[in-house]
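Working notes, beginning with the structure itself.
The values are calculated or read from the model by the stated rules, or taken from the named source; none is laboratory data. Worth saying up front: this structure is predicted, and the values here are computed from it rather than measured. Note that we place each Cβ from the backbone using ideal geometry, even for glycine, and neighbour counts take in every protein chain shown. The accessibility values were calculated without ligands, DNA or RNA, using every heavy atom of the protein model including side chains. Shrake-Rupley method; radii C 1.70, N 1.55, O 1.52, S 1.80 Å.
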Amino acid sequence: IIKSALKGKLYKGPSKIEELDTIWAQKIVNGGFILHIRHGMREKFTGAVTAYDAIELINEDDARKTDYYRAVCLTERGILDSKLVGKTFDLTGIKVSYVVSSPSCRARETAIFAFNRIDQIEPSILHRTAQMKSQYKSLGNKLRQVIDDIPIEKGSNIVISGHGGTLSYDLKNGFGLIDIDETDQIDRRLETGIVVIERKDGKYIARHKFYSINSIANSLIELPINNTGLEKF
């Protein structure tokens, strides 16, 4: 136990969540999973934001070029955090074989800024609150069908660039992608939070939730102890 000189508190080592983050961060480096990423930050609009998502999809808009882009696209912070996802994956050796994205501007931009690619755009990834309740089941089942059709390559992962409010809604309603949820409140995560999903024997198991990309960075990126040229500053 080490006493902090700054705060006068006792450091008791990593928490259980931090230990699990480290274990699962290493597992996704080894590959073989589906990573559901919540998009980067957008402006915190209230009220009609879900209608803008629906309009963007129906009109096939490039929302970044519309007058409602602030409701559905990434903020400057969201762009930076999405780039951070890509840099973290590169630095830690997390491989991505396929990127499937929600059609929403913020999800598409997250995929592009993080991975410089989108292999497939899929409307069923869009958060359920932008959809009619009568469509929840058909869209949830479509999402599962889409992921079923994507092979998982050895040593690599599939990325779903999506939203909070998709997996949790489907779980509550008893259909969609996830059969077994081993996380705590699957969609309670910050922007860039990641749910690790395993496909096993025809079922999909939500194995772990990273609260944000910081959880992976803090688990895997080892900083230098010695000065390696900082005199340039």
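Details
- Charge tally in the Cβ shell below 10 Å around S97, where Lys, Arg are +1 and Asp, Glu are -1, S97 excluded: 0
- Sulfur and carbon atoms: percent of accessible area, segment 162-233 [1.4 Å]: 47
- A helix-only calculation puts the chain at -11000 deg cm²/dmol for mean residue ellipticity at 222 nm, using -39500 (n - 2.57) for each DSSP H run of at least four residues, averaged over all residues.
- Options (i) 69, 60, 35; (ii) 57, 45, 34; (iii) 99, 46, 33 - which one matches Cα extents along the principal axes in Å as calculated here: (ii)
- Candidate residues L190, L91, L139: accessible-area rank, largest first, probe 1.4 Å: L91, L190, L139
- Antiparallel DSSP beta bridges within the chain, as percent of all bridges there, nearest 5: 50
- Ordering I118, I213 by accessible surface, largest first, gives I118, I213; the 1.4 Å probe counts only protein heavy atoms, with every chain in place.
- Karplus 3J(HN,Hα) series, Hz, for segment 137-143 with 6.51 cos²θ - 1.76 cosθ + 1.60 (x for Gly, Pro): 5, 5, 6, x, 5, 5, 4
- Average Cα contact separation per residue, the chain, under 8 Å, 6 or more apart, as relative contact order %: 25
- Overall, segment 156-196 carries a charge dipole of about 120 debye about its Cα centre when +1 sits on the Cβ of Lys and Arg and -1 on the Cβ of Asp and Glu, all other atoms neutral.
- Spherically averaged projected area of the convex hull of Cα atoms, segment 61-116: 3.9 nm².
- Rounded accessible area per residue of the chain, 1.4 Å, Å²: 56
- Most mobile listed residue (D61, D119, D149) in the chain, GNM with C-alpha springs under 10 Å: D149
- Working note: Debye formula, equal point scatterers on the alpha-carbon atoms of segment 185-233, no solvent; log10 I(q)/I(0) at q = 0.18, 0.21, 0.29 Å⁻¹ is -0.69, -0.80, -1.04.
- Loop-resident sites, segment 150-233, for trypsin sites (Lys or Arg not before Pro), counting at most 10 other Cβ within 10 Å (DSSP): K154
- Charge-dipole axis of the chain as Lys and Arg at +1 and Asp and Glu at -1 on Cβ define it, positive-most pick from N157, I225, I23: I225
- Order by protection proxy (mean Cβ within 10 Å, highest first), peptides 173-184, 106-117: 106-117, 173-184
- Among the listed pairs K95/K133; K27/K83; K27/K142, those with a Cα-Cα distance over 25 Å are K95/K133; K27/K142.
- Relative intensity, log₁₀ I(q)/I(0), of segment 43-158 from a Debye sum that treats every alpha carbon as a point, q = 0.12, 0.15, 0.16 Å⁻¹: -0.48, -0.74, -0.83
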